[in-house]
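Here is the structure we will look at.
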Amino acid sequence: MSFAALMVHFDTGPSSHQRLRLAVDLAIGFEAALIGIAGRSYLPPFLADGDTGGTERKNGEQQEMTRALAEIGEKFHAAAKQVTHAEWRGTPDDATNLIVREARAADLVIIGRKHGLEQQYYGLDPGVTIVRCGRPVLLVPDRIDSLDPRRIVVAWKDTRESRRAVRDAIPLLKRANQVIIVEICEHGAEAQSLQSVNDLGDYLLQHDVTVTRKAYLHTELAVADELVRFAEDERADLIVAGGYGHSRLGEWAFGGVTRRLLGESRICGLFSH
Amino acid sequence: MPYVSLLVHVDLEDQLGGHVGVAADLADLFRARLIGVAGWAPMSVFLAQEALDNPGVGDFHLQDMKTLLDQRGKEFCAAFGTPERKVEWRSILDFPTEAVAREARSADLVIVGGIAQSKDPFRRLDPGGTILKAGRPVLVVPKHLAKLSPKRIAIAWKDAREARRAVCDALPLLEKAESVVVVEVLEEGSSNGASHRVKDVAKYLTRHRVEIITEQVRPADVIPINSLLRLIESENIDLLVAGAYGHSRLGEWVFGGVTRDLLAEIQICCLFSH
């Protein structure tokens, strides 16, 4: 099993074209189908121009959104010409909800970073997407337009999320030259860490992935900083990590490490929950 | 990703066979290695970790437990190891639920027996706990079954993370199936777009070279799993693929109603993902 279908968020936001280029290359590389997706939600009345009342506005807005999405769809098809199966799903709905829902059609969801307020109604929330979509999410930093994952850092912690991430990343790991496991290890748990990393190496070997190096991070503070620094020192192309989160009063609260990785890393990240 | 490594929980009391036999058959089907795990937790919770890792000469109780576990391992390897089938054994002095969930990192699929095996809480595996903790798909084999040829598979679809995971996790089995039914049982307020959703799942499966797929949308019964059970009976289903819905509350695992009922009542093999 490999990736048979990829999904990419393609909108008018910053770096969308770069992200699409990356997705097209990946789809060609894996001979996978590529599904482009974008969503638009209604502007709340106080942000909309002019008359704010009634269904008239809503209808007009809906037409406008559908037209805009169709236009983006044309751009998507133009850019994805080389992909054998390209499909466009533009829907007037909140982008995050839409992608979470439609992700059932893909093996990997490719999205960009969260942007400021001006993107609030078109943009999507990477954290929520990761926690809810049930698929691995490839987060592409701004201005990155290619991913040739020769050097991959796996940020390992023996949890459900990390296990998911590693298994989800196997198609990419198989193509890498260098796979480095970094165990984030607590003081006093070294023996267990060693055991779990060895087990992981053994598991990956069964999948024809050779782990080239194992490293241990022994830090209590700022794990994310250390991880990113480590990955940069290793000139990694991709970080694979568990996406941790839990629901608190209906909001998705994110594990500190995941949040920092989402926000700061300049390297692509693959997250699973 | 293919199944290259399977892990099966081995009971200390029952006859070898049942779900262990199913695991061995699956290992052959996928040419995967088979890891057997047995767990037995010592009574005292105050034992130091070192004592658990390496039971000393003076500690007869732990020694005896370890000997018994290893003995079970020898039986397992003798019964299921063949030149073609690579088997491995792990004896663990811990609760089986914990032990299996932990060791699951080495495997693509975990196979356990259904509810109610041992009466001894220190040796009993709780399938539900394993499912929620393992981070891997778990195949639950009802007690009376010793064989599984997953020709007709049903997917209990619900548009949630868990069901999506289950579909991905089951791909190696789905690829080998003769027919696959994607079924969504309607819940209150979910009827909109159900047929679109199951079609979308079918399309996803087609991209993974799963050939014969049918889609169904079924109305809910008063008891939700009855719709599923009826489908299983009428379509002669061998294996059900489903998401396991549950969360931990104050250290206890709380299951969604359907998952709990499925675990308690289903008479065929069921692959759960969380």
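A few comments on the model shown:
- Residue in the stretch B:195-204 that is under 24 Å from the mean Cα position of the chain (by Cα), of a type in the set (Gly, Ala, Ser) and at pLDDT 95 or above present: yes
- Test: residue in the stretch B:170-187 that is modelled with pLDDT under 95, within 14 Å of another protein chain (Cβ to nearest Cβ) and not in a helix (DSSP H, G or I): yes
- Once the stretch A:233-262 is narrowed to residues that are surrounded by 14 or more Cβ atoms within 10 Å (Cβ to Cβ) and in a helix (DSSP H, G or I), the residue that is modelled with the lowest pLDDT is A:Val257.
- Summed over the stretch B:74-86, residues that are without any contact (Cβ under 8 Å) to a residue 60 or more places away in the chain and in contact with a Lys or Arg (Cβ under 9 Å, 6 or more places away or on another chain) total 2.
- Tally of residues being surrounded by fewer than 19 Cβ atoms within 10 Å (Cβ to Cβ) and more than 14 Å from chain B (Cβ to nearest Cβ) across the stretch A:22-39: 3
- Only residues that are in a loop (DSSP other than H, G, I, E, B) and either more than 21 Å from A:Ser2 (Cβ to Cβ) or at pLDDT 95 or above (or both) were counted in the stretch A:136-149, giving 6.
- Checked against the criterion of being loosely packed, with under 15 Cβ neighbours inside 10 Å, more than 18 Å from B:Glu235 (Cα to Cα) and charged (D, E, K, R), the candidates B:Glu211, B:Glu188, B:Glu178 yield just one match: B:Glu188.
- Among the residues making up the stretch B:83-123, a single one is within 14 Å of chain A (Cβ to nearest Cβ) and of a type in the set (Ser, Thr, Tyr): B:Ser106.
- Annotation for the stretch A:152-160: at least one member residue is within 9 Å of chain B (Cβ to nearest Cβ), assigned to a loop (DSSP other than H, G, I, E, B) and among the hydroxyl-bearing types (Ser, Thr, Tyr).
- Residue within the stretch A:139-152 that is crowded, with 18+ Cβ neighbours inside 10 Å, under 19 Å from A:Thr210 (Cα atoms) and of a type in the set (A, V, I, L, M, F, W, C) present: yes
- Selected residue (criterion: farthest from A:His207 (Cα to Cα)) from residues of the stretch B:98-127 that are buried (at least 22 other Cβ atoms within 10 Å of the Cβ) and without any contact (Cβ under 8 Å) to a residue 40 or more places away in the chain: B:Ala101
- Residue within the stretch B:107-114 that is more than 11 Å from the chain's Cα centre (by Cα), among the small types (Gly, Ala, Ser) and modelled with pLDDT of 95 or more present: yes
The values are calculated or read from the model by the stated rules, or taken from the named source; none is laboratory data. Everything quoted here is computed from the prediction, not taken from an experiment. For neighbour counting, all protein chains shown are included, and Cβ atoms are generated from backbone atoms with ideal geometry for every residue, glycine included.
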